[in-house]
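Please see the structure below; I have some questions.
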Amino acid sequence: MIFPINKTRGGKGSLGFRLRAVRGYTLLELIVVVALVLTLLGVVVPLTATYVNRAKKAKCLSHMRTIHSGIMSYIQDVGHWPQMEEDKWDHTEEEFFEFWVTTTEEHGLNRDTWLCPSDRALERRLLEEKAKGKDKGKYMGSYIPTRFDEHPATPFRWNQPWVIERGGFHGKGPHVLMPDGSIQESLNPFNGR
């Protein structure tokens, strides 16, 4: 674009004005800027996903530690591992988790504690239930507790896992909650036991 400029000393122009061209961005400069922005986005987006997955894993580990504390509290109060009626082991998943949630609720465990934030299949089921309006009263879980008898020492013998995650949601196998409160990731949780 060309704009007129006021006459200055020694200026030329038929009307006493000198003409000056205003320079804009070239196509090459715009392409370089767009390429730089896309490169930065290419670096930032995967990092964001990594941090979200790490946060989900940390929340999952926190849930498992809470489960350990709740079950330890139950054992100290009642004197043995929570005992499910024999017929519940053959019933639906919802009845199974209803027992565990209601039995351990007064010891600090609620429905959300039994859900891993990385369990996508369970997340889809919960969203479907909410869409149908049937999410009230549903019991679901991502962590499967081990079955023990009523003897007070049984859960602490043989270093057997107390709770195992339903799937390897975090990449290195399921999380396994041990009697001492430690949590292991293992594709073979019973290796070396």
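Within the range 49-72, can you find the residues that are touching a Leu at 6+ places or on another chain (Cβ under 9 Å), more than 17 Å from Gly168 (Cβ to Cβ) and not hydrophobic (A, V, I, L, M, F, W, C)?
Arg65, Thr66, His68, Ser69, Gly70
Checking the structure you have, find out if any residue of the range 126-138 is under 24 Å from Gln184 (Cβ atoms) and either out of contact with any helix residue (DSSP H, G or I) (no Cβ under 7 Å at 6 or more places or on another chain) or of a type in the set (A, V, I, L, M) (or both).
There is no residue in the range 126-138 that is under 24 Å from Gln184 (Cβ atoms) and either out of contact with any helix residue (DSSP H, G or I) (no Cβ under 7 Å at 6 or more places or on another chain) or of a type in the set (A, V, I, L, M) (or both).
Separate question: Applying the selection to the range 134-182, what residues are in contact (Cβ under 8 Å) with a residue 40 or more places away in the chain and outside any loop (DSSP other than H, G, I, E, B)?
Tyr143, Pro145, Thr154, Pro155, Val163, Glu165, His175, Leu177, listed by residue number.
Considering only residues that are buried (at least 16 other Cβ atoms within 10 Å of the Cβ) and either closer than 20 Å to His175 by Cβ or at pLDDT below 85 (or both), which ones fall in the range 96-110?
Listed by number, the residues that qualify are Phe96, Phe97, Trp100, Val101, Thr104, Leu109.
Take the conditions modelled with pLDDT under 90 and part of a helix (DSSP H, G or I) and apply them to Val37. Does it pass?
no
Taking the range 111-124 as the search range and keeping residues that are of a type in the set (D, E, K, R) and under 18 Å from Gly168 (Cα atoms), which one is surrounded by the most Cβ atoms within 10 Å (Cβ to Cβ)?
The selected residue is Asp119.
Same structure, new question: Would you confirm, using the coordinates I've provided, whether Leu122 is part of a helix (DSSP H, G or I) and either modelled with pLDDT of 80 or more or touching a Gly at 6+ places or on another chain (Cβ under 7 Å) (or both)?
Spelling it out, Leu122 is indeed part of a helix (DSSP H, G or I) and either modelled with pLDDT of 80 or more or touching a Gly at 6+ places or on another chain (Cβ under 7 Å) (or both).
Something else about it: Between Trp114, Trp158, Trp162, which is over 24 Å from Thr50 (Cα atoms) and at pLDDT 80 or above?
Criteria check complete, one pass: Trp162.
Another one. Among the residues of the range 22-78, which ones are in contact with a helix residue (DSSP H, G or I) (Cβ under 8 Å, 6 or more places away or on another chain) and either more than 29 Å from Arg120 (Cα to Cα) or exposed (fewer than 12 other Cβ atoms within 10 Å of the Cβ) (or both)?
Listed by number, the residues that qualify are Ser73, Tyr74, Ile75, Asp77.
Do we have Thr154 as among the polar types (S, T, N, Q), more than 21 Å from Lys57 (Cβ to Cβ) and surrounded by 13 or more Cβ atoms within 10 Å (Cβ to Cβ) here?
Against the criterion (among the polar types (S, T, N, Q), more than 21 Å from Lys57 (Cβ to Cβ) and surrounded by 13 or more Cβ atoms within 10 Å (Cβ to Cβ)), Thr154 qualifies.
Filter the range 53-96 down to the residues that are outside any helix (DSSP H, G or I), in contact (Cβ under 8 Å) with a residue 24 or more places away in the chain and at negative phi and list them by number.
Passing the criteria: His80, Trp81, Pro82, Gln83, Met84.
The values are calculated or read from the model by the stated rules, or taken from the named source; none is laboratory data. No experiment lies behind these values; they were computed from the predicted model shown. Ideal geometry is used to build each Cβ from the backbone, glycine not excepted, and the neighbour counts take in all protein chains shown.
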